[in-house]
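Take a look at the structure below.
The values are calculated or read from the model by the stated rules, or taken from the named source; none is laboratory data. Only a predicted model underlies this, so the values are computations on that prediction, with no experimental measurement involved. Because the Cβ atoms are built from the backbone with ideal geometry, glycine has one as well, and the counts that use them run over all protein chains shown.
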Amino acid sequence: MNNQNQPKVAIIIFGATGDLAKRKLFPSIYRLVKNKKIGENFVVFGTARRSWSNEEFRDKVKQSITDKNSSEIDLDAFVSHFYYHPSDVTNSSSYLEMEALLQDLEGIYQTEGNRIFYLAMSPEFFGDITNSLNDNGMKNGGGWTRLVIEKPFGNDLPSARKLNHEIRAAFKEEQIYRIDHYLGKEMVQNIEVIRFANGIFEHLWNNRFIANIQVTSSEEIGVEDRASYYDQSGAVRDMMQNHMLQMVALLAMEPPIKLTSEEIRSEKLKVLRALRKIENVDDNFVRGQYGEGPDYPIAYQQEAPALAKSNTETFVAGKIMIDNYRWAGVPFYIRTGKRMSKKSTQIIVEFKSIPMNLYYKDKKEQHPNLLVINISPNEGITLYLNAKKSGTENEAIPIKLTYDYNQINAANSPEAYEKLLYDCMIGDTTNFTHWDEVALTWEYVDPILKKWESTPAEFPNYKAGSMGPEASEELLKEDGFHWW
C-alpha cells in the first residue's frame, strides 16, 4: 500500500490497562500494521491509574498478540510505538503532563497532529475527560481530532441526553465516533450489498412477498465476571437498544441515493422513526432469566451474591412493527439472551408461501423460501428453495444453496474492531452510531424498561442451555409463525 494512503495518527487510549484494550484494541492495531493499513507514522499513548512503565505496558501489548503468524512483523519494533503514562482523569494536571509528552511523541513519529481519543472505560468519566481534553488544549493537536466512545451510552433517554450534552460541550457531532461493534462485522455490512446489489432480493423485499423477518443473537455463556455491570444493564440495554435495532434498521431501510455515511444514516433514521410505539409491552415483548440447566448447574441469581432475587432480564424476545409503506403488516421478531443452547447471530427472512403448493401433499410439511444470513460464528448466506424429491413424480423437498464466507474470505476478513478503528482513522462514520440513532432507539425501548423495572417477574423462567422461555415461542405462534 502506498504510504500516502496510510493514515498518520496518535491514538490516545484512556483505560489502556483494561480488558477491552487487551482483547480488542491492541490486536486490532497490530493487524492494521501487519496488513499495511498503517505504516510507521503512528503512536499509541496509553493512560490509566496503574503505575506501569513503558516496558510493562509493551509487555502487556505483546501478550495480547495471539496471532500465530506474529513473526511476520517484528514485535519489538511494533510495540516500540506504544507509550504509557499513569494519570488521574479527574485531575487537570494529568492532562498538562500528557499533552507535553504527546507533543514530543508526535514530533518523533510525524503524526501531523492527528489524534484519536479512545475512551475505553466507564461512561461515568466521559464528561469529565472530554471537557478536560478541551480545557487543557489536548483537543487541538494541529490536525484532525476524533473521539471514540463505547457503549453503554446512557441507561435511558434522559441519561443519554445528559451524557450527549456533556460530550457535545467539547466535541462536535462529526468528531464523535460511537462504537457498535456489530456494525463492524463483515456480514452485517453485507446486508446492504445482499439487498441492493441483487434484484432477485430487492424486488421482493417488501410486505407483498415477505411474511416475517427474524433476528437472533444467542450466547452460550452467562454473565461471567461482568455480574455487576450486567445486572444494571440486562439484555435490553446490553443488546436490544443498540445491536439488535441497528440490524433491524439495516434490514428495513430504503436504498440510499449514494453510498455515503450521511445518506445511509438518513435511511436508517427513517426506519427508526417509523417503529410503532409500544402501547402494551406484554403483548409484544417477552423477558426471561436463566435458571439451572442440565449442563449449567448455576442459575443467574446464583452467579454472584448481589444477583440474589434479581429482576434483571438475561433474555428478551419481541415483535417489532414498522409503520411505513414497505413494511406495513410485516413483523420483525428479535431475540437475544445468555446461557442459550448455542452461540449464534443469525437473520432469517421468511418469504410468503404461494397460495396453493401442489407439490406438498400435507400443508403442514410445506417449507417456505428462506434467506438465512449467518453473522457469526459461521459467516455466510443460505437460500432455501424447494426442488423435486428424487424417486417421486410430484413431491418436493427443501434444498439449500449456501455461500460459506469463512471458507473463502477468512484469511483476509478484518475483525470488527480492526475495521472500525481504520474507519475512524480515515474519517468514515458509516458504521458508527449517530446521536439521532441513539436517541430514537432509547425512545423505543424506554417503555419496555419502565414497565419491567416496576413489575417483578417470576424468574427464573428458562433453563440454561435452552433457547429461552416458552412465552417467546407463543409470541410467534399467535401470528402463525415459529422461530427457525
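Specify the residue that is surrounded by the fewest Cβ atoms within 10 Å (Cβ to Cβ); the eligible residues are those in the range 453-470 that are among the acidic types (D, E) and within 25 Å of N155 (Cα to Cα). So that I can check it myself, show each step before the final result.
Residues of the range 453-470 that are among the acidic types (D, E), as a first pass: 453, 458, 470.
Still in the running and within 25 Å of N155 (Cα to Cα): 453, 458.
Details: E453: 13, E458: 6.
Among those that are among the acidic types (D, E) and within 25 Å of N155 (Cα to Cα), it is E458.
Matching residues to (1) of a type in the set (V, I, T); (2) touching a Ser or Thr at 6+ places or on another chain (Cβ under 6 Å); (3) closer than 23 Å to V33 by Cα; (4) in a helix (DSSP H, G or I):
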| residue | (1), (2), (3), (4) |
| --- | --- |
| D76 | no, no, yes, yes |
| Y84 | no, no, yes, no |
| S93 | no, no, no, yes |
| L102 | no, no, yes, yes |
| L105 | no, no, yes, yes |
| G113 | no, no, yes, no |
| M121 | no, no, no, no |
| F125 | no, no, no, yes |
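Residues to consider are V43, V79; find the one that is touching a His at 6+ places or on another chain (Cβ under 7 Å), within 19 Å of Q6 (Cα to Cα) and of a type in the set (V, I, T). Step through it out loud before you land on a result.
Working: V79 fails: touching a His at 6+ places or on another chain (Cβ under 7 Å).
Residue meeting the stated conditions: V43.
Taken over the range 106-144, the criterion of being surrounded by 19 or more Cβ atoms within 10 Å (Cβ to Cβ) and hydroxyl-bearing (S, T, Y) is satisfied by T111, Y118, T130, S132.
Here Y444 does not fit the description of being at pLDDT 95 or above, over 22 Å from I213 (Cβ atoms) and not assigned by TED's automatic domain parsing to the domain that holds L25.
Restricting the search to the range 146-179, which residues are assigned to a helix (DSSP H, G or I) and either in the same structural domain as G15 (by TED's automatic domain parsing) or among the acidic types (D, E) (or both)?
Within the range 146-179, the first condition is being assigned to a helix (DSSP H, G or I), and the residues that meet it are 157-168, 173-175.
Matches in the range 146-179: E166, E173, E174.
L383 passes every criterion in (1) farther than 28 Å from M253 by Cβ; (2) touching a Phe, Trp or Tyr at 6+ places or on another chain (Cβ under 9 Å); (3) free of Cβ contacts under 8 Å to residues at least 60 places away in the same chain; (4) among the aliphatic types (A, V, I, L, M) apart from (1).
Which residues, counting only those in the range 426-484, are hydroxyl-bearing (S, T, Y), assigned to a loop (DSSP other than H, G, I, E, B) and free of Cβ contacts under 8 Å to residues at least 40 places away in the same chain?
We begin by selecting, within the range 426-484, every residue hydroxyl-bearing (S, T, Y); these are 429-430, 433, 441, 444, 454-455, 462, 466, 472.
Now restrict to residues that are assigned to a loop (DSSP other than H, G, I, E, B): 429-430, 455.
Across the range 426-484, the qualifying residue is only T455.
All of (1) part of a loop (DSSP other than H, G, I, E, B); (2) among the polar types (S, T, N, Q); (3) at pLDDT below 90 hold for N406 with one exception: (1).
Does K450 meet the test of being exposed (fewer than 15 other Cβ atoms within 10 Å of the Cβ) and under 26 Å from K151 (Cα atoms)? Steps first, please.
Numbers: exposed (fewer than 15 other Cβ atoms within 10 Å of the Cβ): yes; under 26 Å from K151 (Cα atoms): yes.
Judged against the criteria, K450 is a match.
Here T111 meets each of (1) under 22 Å from D88 (Cβ atoms); (2) modelled with pLDDT of 95 or more; (3) polar (S, T, N, Q) with one exception, condition (1). Of the residues N190, N140, N207, the single one that is part of a loop (DSSP other than H, G, I, E, B), at pLDDT below 95 and either under 21 Å from the mean Cα position of the chain (by Cα) or not charged (D, E, K, R) (or both) is N140. Comparison of G46, G113, G127 shows that the only residue that is out of contact with any strand residue (DSSP E or B) (no Cβ under 6 Å at 6 or more places or on another chain) and at negative phi is G127.
Are any residues in the range 255-296 modelled with pLDDT of 95 or more, part of a helix (DSSP H, G or I) and among the small types (G, A, S), and if so, which ones? Passing the criteria: S266, A274.
Selection over the range 186-222 of residues that are farther than 26 Å from L475 by Cα and in contact with a Lys or Arg (Cβ under 9 Å, 6 or more places away or on another chain) gives a count of 4. Before we move on, is L75 buried (at least 21 other Cβ atoms within 10 Å of the Cβ) and outside the structural domain of M425 (by TED's automatic domain parsing)? In short, no.
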